[in-house]
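Notes follow the structure.
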Amino acid sequence: VPSLSDPSVPPSGVSCSGCGAELQCGDGGVPGFVPAESYRSLLSEGPAGLRGTVCQRCWALAHHGSALRLRLRPDEHRRVVSAALRSPPRHGRGPLLLYVLDVMELPDPVLPQLPALLGPDVPTAGLLVVGNKVDLLPADCRGHLGRLRQRVAAACARAGLRGAALVDIRLVSAKTGYGMEGLISRLQRSWKCAGDVYLLGATNSGKSTLFNTLLRSDYCKSRAPDIIDRATVSPWPGTTLNLLKFPIINPTCDRIFRRQERLKEEATKTEDQLSSEEKKYLNQLKKQGYLVGEVGRTFQQQKSSAEIDFDPDTLSYSMDENPRDLPKKHEEREFTHNEVKDARWCFDTPGIVKEDCVLNLLTEKEVKLVLPSHAIVPRTFILKPGMVLFLAALGRIDYLEGEKPAWFSVLASNLLPVHVTTLSNADTIYGKHTAQEFLKVPMGGEERIKAFPPLVPQDITLKGIGTTEAVADIKLSSAGWVAVTAHAEEELLLRAYTPKGTALLVREPPLLPYISTIRGARIPGTPAYRTKKPPSFVENLKSTGSR
């Protein structure tokens, strides 16, 4: 946006309330940019004029789902995180690290980088690993969450993270609230207010969503949500550019008691006892995830100002308008010295960019289709040798050799199409329909396809263990995975494809081994089964006998 910039105006020293980048009008390709005319207008109001404003990028992410292209390299992300972790310990104690991983991405590609990122000179007090997005995965059998937790623990052990340094592993959904009250209780019980807390994680792990949920919970000082704006939440990789923070509440005995009383009281309620507004919100969450939980507030100001959010009428500007600061009295949006002089802070950090990830090749619109935003409905197909399965145009699996049919269960965004064809037709279909609605992603016609990396193959040999249990997942980078179920001792030769430069992984054991059983009847004349969506579960409401 060169015509809107003015390099002669110095940076403000004020952070964007969406991403934490320093607000500036000098370069539209650098984080924190605000168009020069608006920037000068806000600055003319005095030192507080820019406070509460979001940068152009955050506005674009929040309202248009588009990320303005920024010159921010992966090593720049790591530099910001590393410098923050190496800062001298405050209060005489190193910080607790909350590492957020997307359970669907197991084994997490960034976990092995953690030991190097932390290093021997980082004075941490421990690591608590949070497995996020469990709400998106259907339960394939009883106890599936316990198995998921074991998978996370195994990934941590392989990355060299074990023993006293690994404080705990928790499974949550930052989006639907499942497991969040338990995480908060765990933090308050064991960590109390001993030191600062840093949220770490790969891009798209849900780290900023977790930050926002904690900000609106008993983990945060009661007045802080009215002062601190929420981190930009968007599927575009690397949306948190600098360090956002909120002050952690001191969990005194009285506060712990009052919180436990609130949780006990809420646990006695049934869904029928909720208000119409609460029911409406709960039903909305049930559509989004299989696992749902409410995150409440025990400690609130008597008179709380309206929630600060990315609202088009109050926060910044549209792409064609000028940015505006929030219409709040600036003096009301400041902490007093006494409120923060001894505060411990929870910091959000930039997402660590995943290498070899298919999302890095996609446009903003395509990323929204690929990243699941609602509970994943498994799609199962029965394939004979000589058949091919496409997941959009981002992944392909050929069943080359085998004696019997096998089951292929797709777990990916419900918006991504799956197409089954024969080996003889596969290349023609891919070449003819890639850029059309038929395969959906990537989109944009012939020019887009010419620029998109070709699919490259990898041969895979598997041996079946039974008709109800998958032997392995074929993980097609971050586009999703296919669980393969075959007759016991049956040997299969498969050839799997992902775009050049992206990671294809055979995950053994599979994440959801019994997923092929979550299906309806076979659709006559096709290789597909009817889909079946398991019911949702609400964790902190009293059961009425049915789920």
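Which number in (1) modelled with pLDDT of 85 or more; (2) assigned to a strand (DSSP E or B) marks the one condition that residue 279 misses?
Residue 279 satisfies every listed condition except (2).
Only residues that are in contact with a Lys or Arg (Cβ under 8 Å, 6 or more places away or on another chain), part of a loop (DSSP other than H, G, I, E, B) and more than 30 Å from residue 265 (Cβ to Cβ): list them for the stretch 528-542, please.
Across the stretch 528-542, the qualifying residues are 530, 531, 532.
Determine, yes or no, whether residue 342 is in contact with a Ser or Thr (Cβ under 9 Å, 6 or more places away or on another chain), acidic (Asp, Glu) and not in a strand (DSSP E or B).
The answer is no for residue 342.
Among the residues of the stretch 529-539, is there at least one that is open to solvent by 20 Å² or more (accessible area, probe 1.4 Å), in the same structural domain as residue 396 (by the TED database) and farther than 30 Å from residue 279 by Cα?
yes
From the list 284, 260, 273, which one is modelled with pLDDT of 90 or more and exposed (fewer than 13 other Cβ atoms within 10 Å of the Cβ)?
Answer to the check: 260.
Going by the structure shown, is residue 355 over 14 Å from the mean Cα position of the chain (by Cα) and outside any loop (DSSP other than H, G, I, E, B)?
Numbers: over 14 Å from the mean Cα position of the chain (by Cα): yes; outside any loop (DSSP other than H, G, I, E, B): no.
The answer is no for residue 355.
If you take the residues of the stretch 31-46 that are open to solvent by 10 Å² or more (accessible area, probe 1.4 Å) and more than 14 Å from residue 11 (Cβ to Cβ), which of them is modelled with the lowest pLDDT?
46
Name the residue that is farthest from residue 467 (Cα to Cα), counting only residues in the stretch 376-415 that are within 26 Å of the chain's Cα centre (by Cα) and open to solvent by 10 Å² or more (accessible area, probe 1.4 Å).
415
Out of the residues in the stretch 1-17 that are assigned to a loop (DSSP other than H, G, I, E, B) and under 10 Å from residue 56 (Cβ atoms), state the one that is modelled with the highest pLDDT.
Only one residue tops the list, namely 16.
Could you tell me whether residue 494 is in a strand (DSSP E or B) and either at pLDDT below 95 or under 22 Å from the mean Cα position of the chain (by Cα) (or both)?
In short, no.
The values are calculated or read from the model by the stated rules, or taken from the named source; none is laboratory data. Everything quoted here is computed from the prediction, not taken from an experiment. So basically every Cβ, Gly included, is an ideal-geometry build from the backbone, and we count neighbours across all protein chains shown. With ligands, DNA and RNA removed, areas are computed over all heavy atoms of the protein, side chains included. Shrake-Rupley method; radii C 1.70, N 1.55, O 1.52, S 1.80 Å.
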